[in-house]
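Engineer: Before I ask anything, here is the structure I am working with.
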Number of protein chains: 2
Amino acid sequence: MASTQKSLADVTAERIIKYIIDNKLKEGGQLPNETALSSLMGVGRSTLREAIRSLASRNILTVQQGSGIYVSHNTGVADDPLGFTFIENKEKLVADLMEFRMMIEPRSAALAASKATPEQAQELLLLAADVENCYEKGVSHSEADALFHAKIAEISENVILPQLEPLIMHAIDMFIDITHSSLKEETIKTHKAIVNAIQKNDPIAAQDAMTLHLIYNRDRLRNTLAQK
Amino acid sequence: MASTQKSLADVTAERIIKYIIDNKLKEGGQLPNETALSSLMGVGRSTLREAIRSLASRNILTVQQGSGIYVSHNTGVADDPLGFTFIENKEKLVADLMEFRMMIEPRSAALAASKATPEQAQELLLLAADVENCYEKGVSHSEADALFHAKIAEISENVILPQLEPLIMHAIDMFIDITHSSLKEETIKTHKAIVNAIQKNDPIAAQDAMTLHLIYNRDRLRNTLAQK
């Protein structure tokens with residue numbers, strides 16, 4: 001544990017977590033207001049606020065001023081869940097993230113291909129088109145790109161993979177930052193090959209296409225780092 | 001971001017993070033005491049305490065009563081970084097964690113084999129022996145087992161993999177819980193094969209041995225879940 005002694009606010013935070021689970025509240029689900037929650041937990045207003053702030057900093061709750069207290073998107077997954085902020089060597093971090101994606105994403109694409117419904121494949125196709133639009137308009141594609149990869153994780157039906165979204169996002173942002181890269185033709189092409197394989201429910205082709213996609217990107221990263 | 005409005009405590013927490021990075025403080029490094037830190041950050045004692053509590057809940061700082069404020073082990077990686085607490089179906093979670101380990105660990109073992117010094121291989125050998133001792137004594141091997149796998153992640157030199165330690169720990173705990181498993185001969189044997197390959201700096205053999213190890217375990221999990 002992080003601290004040797006638990007404050008009343010910590011205990012209250014744990015009880016709020018239990019409340020969320022027991023009441024099967026999901027992302028976007030609303031909790032009772034401060035007054036009700038404070039009497040429900042049997043603690044004063046300031047203790048409750050401290051507990052809520054702690055849960056907000058762990059991305060468990062989102063407080064919307066004047067509206068209410070909600071369960072956060074990607075509940076319990078912080079912006080920086082693996083502490084990348086504290087890894088000093090950013091070039092090593094971006095290279096190691098690429099290796100990490102190489103471990104995860106080809107097999108994730110294969111799983112997605114084995115599960116995808118026609119509707120899901122269509123959604124993925126639209127996300128690939130969004131990335132291409134960014135390319136044509138000359139605007140940053142980092143968010144669209146991250147959403148494309150997050151959708152594959154979602155289609156895979158594995159419950160861990162979508163939780164890695166902030167890591168993949170981080171990896172894409174750092175990659176763009178370091179390679180100063182506008183999007184390349186290869187990205188568009190290999191994205192299309194991935195969509196195509198998932199649409200056809202062909203896991204091997206999906207795994208190959210994702211591997212190729214990452215190899216292209218890793219190669220560019222390697223060249224960039226070698227020139228420094 | 002988790003909250004729409006940043007409190008003074010949040011801003012102070014971010015400045016403490018910046019302080020840790022700028023001063024290159026590592027795990028176990030000590031920060032100035034409360035009085036000094038409070039004047040350094042230009043905030044009152046109660047705001048500072050709130051900031052410190054928030055950093056402790058994110059496993060960035062560890063407060064030891066009477067001793068001081070330290071940078072936490074696995075800085076910034078919470079006990080439950082990916083929010084597994086909020087995943088309801090625990091049987092699906094344990095099966096998906098096994099798939100996740102299958103993505104990560106064979107390649108992680110290969111990396112470790114390509115980098116391991118004789119000293120590191122020796123350390124790993126001792127950790128495998130610890131697991132075997134637990135088996136012979138009939139006590140829980142979950143912690144020793146997690147340390148064995150964490151050591152491989154460390155030897156790999158990839159900066160992401162050691163940060164996954166709480167996930168692997170979680171996976172091993174849940175696996176033992178669900179299969180009610182005492183350790184099996186296969187675990188001992190395949191651990192030995194992994195050590196052996198890493199000792200010989202043979203990445204392919206290490207990858208094969210880790211894959212075999214995980215397949216054995218996944219098979220047992222599959223059988224257990226099928227009987228339910």
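Engineer: Starting from the 7 Å offset along Cα-to-Cβ, what nm value, one decimal, do you get for the label separation of A:Glu186 and A:Asp22?
Structural biologist: Output for this residue pair reads 5.5 nm.
Engineer: Also, quick follow-up: Once the Cα atoms of helix A:185-199 and of chain A are each reduced to a long axis, what angle between those two axes, in degrees from 0 to 90 to the nearest 10, is obtained?
Structural biologist: 70
Engineer: If you put +1 on each Lys and Arg Cβ and -1 on each Asp and Glu Cβ, how big is the dipole of the range A:8-71 around its Cα centre, in Debye rounded to 20? Intermediate results must be reported in sequence, preceding the final value.
Structural biologist: Numbers: 8 positive and 6 negative charges, 9 e Å.
It works out to roughly 40 debye.
Engineer: With a ≥ b ≥ c taken as the square roots of the eigenvalues of the C-alpha gyration tensor of the range B:8-71, please select rounded if a/c is under 1.5 and otherwise prolate if a/b is larger than b/c or oblate if it is not?
Structural biologist: Working: a/c = 1.33, a/b = 1.21, b/c = 1.11.
Rounded is the answer for the range B:8-71, as its axis ratio a/c remains below 1.5.
Engineer: In degrees between 0 and 90, to the nearest 10, how far off the longest principal axis of chain A does helix A:90-115 point, with axes built from Cα atoms?
Structural biologist: Tilt of helix A:90-115: around 90 degrees.
Engineer: Then there is this: Could you work out how far the C-alpha centroid of the range B:13-47 sits from that of the range B:124-144, in angstrom?
Structural biologist: Going from one Cα centre to the other spans 39 Å.
Engineer: Taking 7 Å along the Cα-to-C-beta vector as the label spot, tell me the A:Asp177-B:Leu225 distance in nanometres, rounded to one decimal.
Structural biologist: Taking the simple label geometry, A:Asp177 and B:Leu225 are separated by 3.7 nm.
Engineer: Taking the label point as lying 7 angstrom from Cα along the Cα-to-Cβ axis, what are the distances from A:Gly44 to the corresponding position in the remaining copies, in ascending order and in nanometres?
Structural biologist: Nearest to farthest, the other copies are at 1.4 nm.
Engineer: Another question about this same structure. All other residues with a Cβ under 14 Å from the Cβ of B:Ala110 taken together, and with Lys, Arg as +1 and Asp, Glu as -1, what is their net charge? Spell out each step's value before the answer.
Structural biologist: Values: positive: B:Arg107, B:Lys115, B:Lys200; negative: A:Glu99, B:Glu105, B:Glu157, B:Asp202, B:Asp208.
Surrounding charge for B:Ala110 is -2.
Engineer: What do you get for the angle between helix B:118-137 and the principal long axis of chain B? Use alpha-carbon atoms, 0 to 90 degrees, nearest ten.
Structural biologist: Its long axis makes an angle of about 70 degrees.
Engineer: For chain B, give the magnitude of the charge dipole about the Cα centre (Cβ charges: +1 Lys/Arg, -1 Asp/Glu; no others), in debye to the nearest 20.
Structural biologist: Details: 24 positive and 30 negative charges, 93 e Å.
Magnitude of the dipole: close to 440 debye.
Engineer: By Cβ position, which chain B residue lies least far from the axis that rotates chain B onto chain A, and what is the distance to the nearest whole angstrom?
Structural biologist: In chain B, the Cβ lying nearest the symmetry axis toward A is B:Pro81, 2.
Engineer: May I pose another question? Once R0 is set to 22 Å, what does the formula 1/(1 + (r/R0)^6) return for the Cβ-Cβ distance between A:Tyr216 and A:Lys137, expressed as a FRET efficiency to the nearest 0.05? Intermediate values should be presented prior to the final figure.
Structural biologist: On the way: r = 22 Å, r/R0 = 1.00.
About 0.50, to the nearest 0.05.
Engineer: Under 10 Å from the Cβ of A:Asp130, count the other residues' Cβ atoms, weight Lys and Arg +1, Asp and Glu -1, and hand me the total. Could the numbers behind the result be given before it?
Structural biologist: Details: positive: none; negative: A:Glu132, A:Glu143, A:Asp145.
Around A:Asp130, the charge tally is -3.
Engineer: Under the convention of a label 7 Å out along Cα→Cβ, give the distances in nm from A:Asn223 to the same position in every other copy, shortest first.
Structural biologist: 5.2
Engineer: Residue farthest toward the positive end of the dipole of the protein assembly as shown, with Cβ of Lys/Arg at +1 and Asp/Glu at -1: which of B:Ser142, A:Ile168, B:Ala56?
Structural biologist: B:Ala56
Engineer: Would you work out the charge dipole size for the protein assembly as shown about its Cα centre, treating the Cβ of every Lys and Arg as +1 and the Cβ of every Asp and Glu as -1, and quote it to the nearest 20 debye? Before the final figure, lay out the partial values.
Structural biologist: Values: 48 positive and 60 negative charges, 117 e Å.
With Lys and Arg at +1 and Asp and Glu at -1, about 560 debye.
Engineer: Out of the range B:157-221, which trypsin sites (Lys or Arg not before Pro) are coil in DSSP terms and have no more than 14 other C-beta atoms within 10 Å?
Structural biologist: On the way: sites: B:Lys184, B:Lys189, B:Lys192, B:Lys200, B:Arg218, B:Arg220; in loops: B:Lys184, B:Lys200.
Passing sites in the range B:157-221 are B:Lys184, B:Lys200.
Engineer: Relative contact order for chain A using alpha-carbon pairs under 8 Å, separation at least 6, rounded to a whole percent? Working shown, then result.
Structural biologist: Details: 264 pairs, mean separation 45.3, N = 228.
Answer for chain A is 20 percent.
Coordinate-derived values only; no laboratory data. Owing to the predicted nature of the structure, the values given are computational and were not obtained by experimental measurement. When we count neighbours, we look across all protein chains shown, and the Cβ atoms used for this are built from the backbone with ideal geometry, even at glycine.
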